[in-house]
Amino acid sequence: MLPQSFGPLAPRTLAFSTAGDAANGLLPFGWNVTDFQTWTLVYLGVSSLAFVLVWLVGYLRR
């Protein structure tokens with residue numbers, strides 16, 4: 001068993017036990033699940049486009 005107080009990390013959330021925890025407002029910085037998902041997809045799309053662009057430029061310069 002772990003003691004009740006776990007050092008300086010005691011009041012912080014270390015992990016979510018279910019997806020519902022995040023949906024219940026436990027995400028940091030005032031984020032909500034919808035915005036988090038949207039910006040994650042935007043980030044993945046932009047980074048994938050950048051990868052393809054860099055790969056294509058390298059291929060054409062060969």
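Per residue of segment 31-46, what does 6.51 cos²θ - 1.76 cosθ + 1.60 with θ = phi - 60° give for ³J(HN,Hα)? Whole Hz please, x for Gly and Pro, Karplus curve as stated.
Calculated HN-Hα couplings, in order: 6, 10, 5, 5, 5, 4, 5, 4, 6, 5, 5, 5, 4, 5, x, 5 Hz.
What figure in square angstrom, to the nearest 10, would you give for the accessible area of residue 54 with a 1.4 Å probe?
Surface open to solvent at residue 54 totals about 110 Å².
The values are calculated or read from the model by the stated rules, or taken from the named source; none is laboratory data. Bear in mind the structure is a predicted one, so any value in this text is a computation, not a measurement. To get the accessible areas, we keep the full protein, side chains included, count just its heavy atoms, and leave off ligands, DNA and RNA. Shrake-Rupley method; radii C 1.70, N 1.55, O 1.52, S 1.80 Å.
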